[in-house]
Amino acid sequence: MVDQEQLRERALRAYELGRLRMSSRVLLFLLPLSTVCVLLSETPRACAWLALLTVGLAVALRWLDRRGVHAVDMGLKSGTLPLLVCIALMQLGSSSNPTLCTTVCIAAGTLAGAWMGYELHRRQAGIFVWFASASVALIFGALGSLELGLVVSFSLAAAYIVSSAVVAVLLRSRMTPQAP
């Protein structure tokens, strides 16, 4: 007969291994995009560290619980637009025009942040999900904006954070019943 303690340990190990496998599925999306960013970057070492940070954060948050899974999914979806816009700007040679880069990245960050604010409201997510998804999105978007400079990266991040907060607050205030 099997000892109850051994059976419980085997069940716990199988459970944790299943959670790790589920949280690692995000690598199918992250690894190809991160590899492209590292290969296209003029500073591949810094880009590789950001990619490693994104991968580690995404896997850890997804492993944590279901809220982490939703936060990572939202963060990657909203961070993809700024990432692709920044990569396109680099490849088109627009990095020589900082005003254009900053304006386009602010627009991309504003759209991505507004979408995230809407999704946060729609899912009735709390501050943990907002903070986690914003962290994933900003680090993921920084993979592309790294080559464009710190001003562009900070402008993108500020536009993202402000627009997501504004949209979330406006939607919540709209849904709050008004006193007569």
Inset, instruction - Might you check whether a residue that is more than 21 Å from TRP49 (Cβ to Cβ), assigned to a helix (DSSP H, G or I) and out of contact with any Phe, Trp or Tyr (no Cβ under 7 Å at 6 or more places or on another chain) occurs anywhere in the range 75-83? - result: yes
Legend entry - Residue within the range 25-46 that is buried (at least 18 other Cβ atoms within 10 Å of the Cβ) and more than 25 Å from LEU150 (Cβ to Cβ) present: yes
Legend entry - Pairs where the first residue, in the range 114-131, is among the charged types (D, E, K, R) and the second is in a helix (DSSP H, G or I) and buried (at least 16 other Cβ atoms within 10 Å of the Cβ), C-beta under 6 Å, 6+ apart: GLU119/MET74
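When the residues of the range 108-159 are filtered to those that are of a type in the set (A, V, I, L, M), under 21 Å from THR35 (Cα atoms) and within 15 Å of the chain's Cα centre (by Cα), which remaining residue is surrounded by the fewest Cβ atoms within 10 Å (Cβ to Cβ)? Lay out the reasoning, then the answer.
Going residue by residue through the range 108-159, those that are of a type in the set (A, V, I, L, M) are 108, 111-112, 114, 116, 120, 125, 127, 129, 132, 134, 136-139, 142-143, 146, 148, 150-152, 156-159.
This time we only want the ones that are under 21 Å from THR35 (Cα atoms), so: 136-139, 142-143, 146, 148.
This time we only want the ones that are within 15 Å of the chain's Cα centre (by Cα), so: 136-139, 142-143.
Details: VAL136: 28, ALA137: 31, LEU138: 23, ILE139: 20, ALA142: 24, LEU143: 28.
Selected residue: ILE139.
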Inset, instruction - Please list, ordered by first then second residue, the pairs with beta carbon atoms under 8 Å, 6 or more apart or interchain, first in the range 8-28 and without any contact (Cβ under 8 Å) to a residue 24 or more places away in the chain, second outside any helix (DSSP H, G or I). - result: none
Legend entry - Meets criteria (modelled with pLDDT of 85 or more, charged (D, E, K, R), part of a helix (DSSP H, G or I) and closer than 14 Å to ALA142 by Cα) for ARG45: yes
Inset, instruction - Considering every residue within the range 97-107, establish whether at least one is touching a residue at least 24 places away in the same chain (Cβ under 8 Å) and under 13 Å from the mean Cα position of the chain (by Cα). - result: no
Legend entry - Where a residue in the range 65-90 is over 13 Å from ALA107 (Cα atoms) and its partner, wherever it lies, is outside any helix (DSSP H, G or I) and at pLDDT 90 or above, with Cβ under 8 Å and at least six apart: VAL72/VAL26; LEU76/VAL26
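Pull up the range 160-180, narrow it to residues that are crowded, with 20+ Cβ neighbours inside 10 Å and modelled with pLDDT of 85 or more, then point me to the one that is farthest from HIS121 (Cα to Cα).
Looking at residues that are crowded, with 20+ Cβ neighbours inside 10 Å and modelled with pLDDT of 85 or more, I get TYR160.
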Inset, instruction - Check LEU64 against each of (1) of a type outside the set (Asp, Glu); (2) more than 15 Å from GLY144 (Cα to Cα); (3) crowded, with 21+ Cβ neighbours inside 10 Å and name the one condition it does not meet. - result: (3)
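Among the candidates ALA114, ALA137, ALA107, single out the residue that is among the aliphatic types (A, V, I, L, M) and under 17 Å from LEU57 (Cβ atoms).
On the way: ALA114 fails: under 17 Å from LEU57 (Cβ atoms); ALA107 fails: under 17 Å from LEU57 (Cβ atoms).
On inspection, the qualifying residue turns out to be ALA137.
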Legend entry - Residue list for the range 1-22, filter: within 30 Å of LEU138 (Cα to Cα) and either charged (D, E, K, R) or in contact with a Gly (Cβ under 8 Å, 6 or more places away or on another chain) (or both): GLU16, ARG19, ARG21
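The values are calculated or read from the model by the stated rules, or taken from the named source; none is laboratory data. Predicted, not measured: the structure shown is a model, and the values here were computed from it. Don't worry about glycine lacking a Cβ; one is built from the backbone with ideal geometry, like all the others, and counts go over all protein chains shown.
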